[in-house]
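K.L.:
I am attaching a structure below and will ask some questions about it afterwards.
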Amino acid sequence: MSLDTKAAKIDRLAELTAKQETSTGASLWVEAYRRLRTSKMALIGAVVIGLFVVLAVVGPWVAPHDPTQMWRGEVFRNRGIFVGPRDGNWFGLDQLGRDEFSRMLVGARQTLMVGVVATLLGLTVGAILGGLSGAALTLGGNTGRKVDTVIMRVIDMMLAMPSLLLAVSIAAVLGQSLTTVMIAVGVVQIPIFARLLRGAMLAQGGADYVLAAKALGVRKRRIVFSQILPNSLSPVIVQATLCLATAIIEAAALSYLGLGNPNPATPEWGVMLAESQAFFDDAPMLAVYPAVGIIITALGFTLLGEAMREALDPKLRS
Amino acid sequence: MSLLELKGVKVHFPVKKGIFFDRVVGHVYAVDGISLSVEAGQTYGLVGESGCGKTTLGRAVLRLNDITEGEVVFDGTDLASLPEEEMRRQRQRLQMVFQDPLGSLNPRQNIESILSEGMAAHGIGANQDERREKIKEILAKVGLPTNALARYPHEFSGGQRQRIGIARALVLEPDVIICDEPVSALDVSIQAQVLNLLEEIQDSMGLTYVVIAHDLAVVRHISDVIGVMYLGSLVEEAPSDLLYAEPKHPYTKALMSAVPVPDPEVEDNRERILLTGDLPSPANPPSGCRFHTRCPWKQDTLCATDRPELKDLGDGHRVACHYATEIAEGRLRRSGESVPATLPGPPSLTHEMHEMHEREEQEEQEERAVDTAQKVQKGQKGPGSGASGGDEPAPAREG
Amino acid sequence: MALLSVDELSITFTRRGQRDAKAVSGVSFDIDPGQVVGLVGESGCGKSVTSLALMGLLPDKGVRIGGTADYDGTDLLSLSKNRMRDMRGTQLAMIFQDPLSSLNPVVPIGVQVTEILKRHRGMKGEAARKEAADLLDRVGIPDPTRRLKEYPHQLSGGMRQRALIAMAVACAPRMLIADEPTTALDVTIQAQILELLKELVDQEGTGLLMITHDLGVVAGLCDKVNVLYAGRVVESAERRPLFAAPTHPYSHGLLGSIPRLDAPRGEKLNPIRGSINDNIEWADGCAFAPRCDYYTMECLTGTPQLTEPLTAGHQVRCVNPVVEGSTPNDDGDAGRAESAGEDAVGDARDGKSADIEKADTTEASS
């Protein structure tokens, strides 16, 4: 028997066992992204959000008319009857004779900003509080427990307050403006993120790899920040995406209640919805445009959020 | 002198209860007074069933659990009384391999990062390049390819993950490695690979092992000395061969007879000592000898009242049983045992029935006691999980 | 006549956009009344899927089941959902690995047992309760009337498994399937449960399909053993011949890699190299070849068939079985290939494998 035989044997075996090499050093984040890319839900969500963002950025430039320009004469000529969709005004005119289509385009920016800023506010403050609380508890000791107790009681108090009431009181202090709406919506989200991150950190703190790091002699602080924290982030990221959707809806609700920005120069979908209320019988479409806009964008964020949850969920990891 | 010596180590977890204020209502006696010593270069096997406190004991040595009482003397230093930072530094010399190979590796770190974590913590290697060289050397030792460095734990098979866990301990060049169920999560054909690897690196690096396992066959295969644990205490300790040849404690005998052997000839002909009942709760351990509630050799005196100490019977054989010599010499008979032909005359049946009846009644009482204990345990908070072998679910997520 | 006769069972998982995954193919075995048949293998070998298929517990979608499982004249695999539900419990019963998750946590044990009696045996009230207590007593649960009122979490692991067995035998099924019934239990408790199963089989003449990874349990309990690897039976024999002469390199390797309690200390273990994932498709040859110490080129051409190289009734799916005189060759390990190993194989070949050798050379030269 020659060496060839053996070489052939080894080659044949290698050929047969060669499966597509998937282990290329892909971290969980990379793998999650890979799963996300193949998800139809994520694709639809991303397209919707993408369109919304493009609209928000370029809206004011591509708007065919100035959103504040009023064709009062048109309204009068029509004897008080609303001007429906027509050439030049695709969505018709609103109650003051302004171009509804232009207002929708310009309003997208405000709506997106409310959602993003409010969620960022909630996420940042919430994550800091929750992270502090979780870290304090994990690092242990009496001080840690006390810090955690204080933070969590504050969070509990925020949770105990009805969100609308909270928003109204904030508006009462700060006055009626877009900032008020953003702060109100953001503050309501703080406890969500705080509790979520703290809970995730506590759960991860009991994991075996944390014990292993401790056994290795890794410093406690490093264990918290390089082991526990990165593993606790994925539910927070998912929640942030989902919260963008609720923030947009909540902001719309607050604007609808009259707490939003009254400035006609910066239209906002929620305010537009609120203003159209009085004319619902005569011009239902004026309510439908902003409502549909809000629904579609919220749906986009929800879809993406759910897809991200699936992609990041460790239980689905093979 | 022994490299590692445990003197009367106790780990008690408080059982807390209360709506507003936590009140300590009792303790889980996870480890209740264990003394043993491990010689350098030796493998000490700790064997026992779930809930016997073996995992808690292993973690206590590394101070991953608080030690309630006793000393853990490692190379002349009492670890139990060291300040936290010094204990952390000692961990370079005392390492641990965990049961769950996937769970004990951080899913978001790649292998290089996992393996350099400990080196960074102890200041080994001036920079990452130096560390990488060291890591490559160790990877070769545990039989992993160098291209594993950039990969993540989920990309490996179970056996490979356990090799990573072993490599993680080895990069620190420790003196002692505590292996907590190192192979029980692995498939049978992989177990042997890991056991062989452990033996190889022990020879080449002069390591001392404490191997904790529930599988007596695994422990016997790898250990020089075996300690058998039951409900937080050591009931028997002997060199591996001696323990197999002459188990003296009734629990060891029962355990040994229950371990299945993959050989029909052996299985069909061996005598089985079936224990009745279950392990009592460590929150409410029986009085006297912890094993008397299930012991087939239980006697009317001493067993239920006095807790037996480990007695040295020579040849390094230590047994905690009041009647170990009597049982060994055949002077005491196990209840329900078939009568050997050499013994004159059968024992009176009525006596035996009476005995059995008594035993059952006793058991019932014990069981009731255990139930209440378990109810108490349910209200427990804090790190009580170690008491039952750490198999409690992780704390539920909030929010 | 066999109580249950499984013939050419195959289970394939299908997922849109992905290649079909064959979990089990061509598995056949018979179980007689009062007989214990073991399905042994490591994780992923298809043993649990087999039991679920027999019990009709696999989902309808995404699974393709082939072959037949003849139970008393009816094919279990082609029964309707409703018929199958009636069969379960009354004719066939299953015992799972994890007794806690198989019991309803919020319902007392007694209610769970009596429910079965009411549904399948039409018993009522006091009679059902009494029968339930009797059942618990029979499986060795002390003080059964008190236990009936308790919830699953109040029972210990061993007691839970006993309760589960009591529920399984409540309607005196003629066929029991036990999927790793003792894996979650301690050895002393395992011994009790195995004893109980043995009693049930001996006294009631129940057929038992025992699914386990533990060859020790098999050695003590099973009459016939089927060793599974990558979804196919690689060796099938009576218990004694199998353990006396494990002939497939996989079973041979498995037995050589288990530390035995009664082995002299210092005896080296001979692990099977590689991991369970190192398979090739059975269609390409023997799935075990990449891990096998005895493989030749012959092993890599087509699916090997079950043959009886030693004694009648001892079936082995291997073209190069481990018989007396076989020596492992060393060339599977590409990194450490040495010509010495090759020679050793050549020398040790008997008449049968000389043919293989010839095939080997022709394969290489062609």
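K.L.:
Kindly evaluate residue C:99 against the criterion of being touching a Lys or Arg at 6+ places or on another chain (Cβ under 8 Å) and either closer than 22 Å to residue B:49 by Cβ or within 14 Å of chain B (Cβ to nearest Cβ) (or both).
P.N.:
Considered against the rule, which asks whether it is touching a Lys or Arg at 6+ places or on another chain (Cβ under 8 Å) and either closer than 22 Å to residue B:49 by Cβ or within 14 Å of chain B (Cβ to nearest Cβ) (or both), residue C:99 comes out as yes.
K.L.:
Report the residue count in region B:100-128 for those that are within 21 Å of residue A:206 (Cα to Cα), in a loop (DSSP other than H, G, I, E, B) and facing chain A (nearest Cβ under 9 Å).
P.N.:
10
K.L.:
So which of C:251, C:275 ends up being crowded, with 20+ Cβ neighbours inside 10 Å and either in contact with a Pro (Cβ under 8 Å, 6 or more places away or on another chain) or in a loop (DSSP other than H, G, I, E, B) (or both)?
P.N.:
The match here is C:275.
K.L.:
Then there's this: With the structure loaded, tell me whether residue C:228 is within 9 Å of chain B (Cβ to nearest Cβ), outside any loop (DSSP other than H, G, I, E, B) and crowded, with 23+ Cβ neighbours inside 10 Å or whether it fails that test.
P.N.:
Spelling it out, it is not the case that residue C:228 is within 9 Å of chain B (Cβ to nearest Cβ), outside any loop (DSSP other than H, G, I, E, B) and crowded, with 23+ Cβ neighbours inside 10 Å.
K.L.:
Output the number of the condition that residue A:176 fails; it satisfies all remaining conditions of (1) outside any helix (DSSP H, G or I); (2) more than 8 Å from every other protein chain (Cβ to nearest Cβ); (3) at pLDDT 85 or above.
P.N.:
All conditions pass for residue A:176, except number (3).
K.L.:
For residues that are farther than 23 Å from residue B:58 by Cα and more than 9 Å from chain B (Cβ to nearest Cβ), scanning just region A:203-232, find the one that is nearest to the chain's Cα centre (by Cα).
P.N.:
That would be A:232.
K.L.:
Moving on. Only residues that are more than 14 Å from every other protein chain (Cβ to nearest Cβ), surrounded by 15 or more Cβ atoms within 10 Å (Cβ to Cβ) and not in a helix (DSSP H, G or I): list them for region C:110-146, please.
P.N.:
Once the filter is applied, which keeps residues that are more than 14 Å from every other protein chain (Cβ to nearest Cβ), surrounded by 15 or more Cβ atoms within 10 Å (Cβ to Cβ) and not in a helix (DSSP H, G or I), region C:110-146 yields only C:123.
K.L.:
For region C:287-343, how many residues are within 16 Å of residue C:250 (Cβ to Cβ), outside any helix (DSSP H, G or I), of a type in the set (Gly, Ala, Ser) and modelled with pLDDT of 80 or more?
P.N.:
Number of matching residues: 1.
K.L.:
Mind listing whichever residues of region C:135-148 are of a type in the set (Lys, Arg) and closer than 25 Å to residue C:173 by Cα?
P.N.:
Matches in region C:135-148: C:138, C:147.
Yes/no per residue for (1) farther than 30 Å from residue C:5 by Cα; (2) in contact with a strand residue (DSSP E or B) (Cβ under 8 Å, 6 or more places away or on another chain); (3) not assigned by TED's automatic domain parsing to the domain that holds residue C:111:
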| position | (1), (2), (3) |
| --- | --- |
| C:150 | yes, no, no |
| C:153 | yes, no, no |
| C:177 | no, yes, no |
| C:184 | no, no, no |
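K.L.:
Identify the residue in region B:86-99 that is in a helix (DSSP H, G or I) and within 9 Å of chain A (Cβ to nearest Cβ) and, among all such residues, is nearest to residue B:207 (Cα to Cα).
P.N.:
B:90
K.L.:
Conditions first: (1) assigned to a loop (DSSP other than H, G, I, E, B); (2) without any contact (Cβ under 8 Å) to a residue 12 or more places away in the chain; (3) surrounded by fewer than 18 Cβ atoms within 10 Å (Cβ to Cβ). Residue C:260 passes all but one, so which condition is the exception?
P.N.:
Looking at each condition in turn, residue C:260 falls short on (3).
K.L.:
Please verify whether residue C:65 is under 30 Å from residue C:19 (Cβ atoms) and at pLDDT 85 or above, treating the condition exactly as stated.
P.N.:
yes
K.L.:
A further question on this structure: Within region B:255-284, take every residue that is touching a helix residue (DSSP H, G or I) at 6+ places or on another chain (Cβ under 6 Å) and among the small types (Gly, Ala, Ser) and give me the one that is nearest to the other protein chains (Cβ to nearest Cβ).
P.N.:
B:258
K.L.:
Consider residue A:224 carefully, then state whether it is part of a helix (DSSP H, G or I), under 30 Å from residue B:98 (Cβ atoms) and among the β-branched types (Val, Ile, Thr).
P.N.:
Spelling it out, residue A:224 is indeed part of a helix (DSSP H, G or I), under 30 Å from residue B:98 (Cβ atoms) and among the β-branched types (Val, Ile, Thr).
K.L.:
Further question on the same structure: So in region B:150-174, with the set limited to residues that are in a helix (DSSP H, G or I) and hydrophobic (A, V, I, L, M, F, W, C), which one is nearest to the other protein chains (Cβ to nearest Cβ)?
P.N.:
Within region B:150-174, the match that is nearest to the other protein chains (Cβ to nearest Cβ) is B:169.
K.L.:
Go through (1) crowded, with 22+ Cβ neighbours inside 10 Å; (2) more than 25 Å from residue C:131 (Cβ to Cβ) and name the single condition residue C:93 misses.
P.N.:
With respect to (1) crowded, with 22+ Cβ neighbours inside 10 Å; (2) more than 25 Å from residue C:131 (Cβ to Cβ), residue C:93 is out only on (2).
K.L.:
Go through (1) more than 14 Å from the chain's Cα centre (by Cα); (2) buried (at least 20 other Cβ atoms within 10 Å of the Cβ) for residue C:10 and report which single condition fails.
P.N.:
Only one criterion in (1) more than 14 Å from the chain's Cα centre (by Cα); (2) buried (at least 20 other Cβ atoms within 10 Å of the Cβ) is unmet by residue C:10, namely (2).
The values are calculated or read from the model by the stated rules, or taken from the named source; none is laboratory data. Values in this document were obtained by computation on a predicted structure and should not be read as measured data. For neighbour counting, all protein chains shown are included, and Cβ atoms are generated from backbone atoms with ideal geometry for every residue, glycine included.
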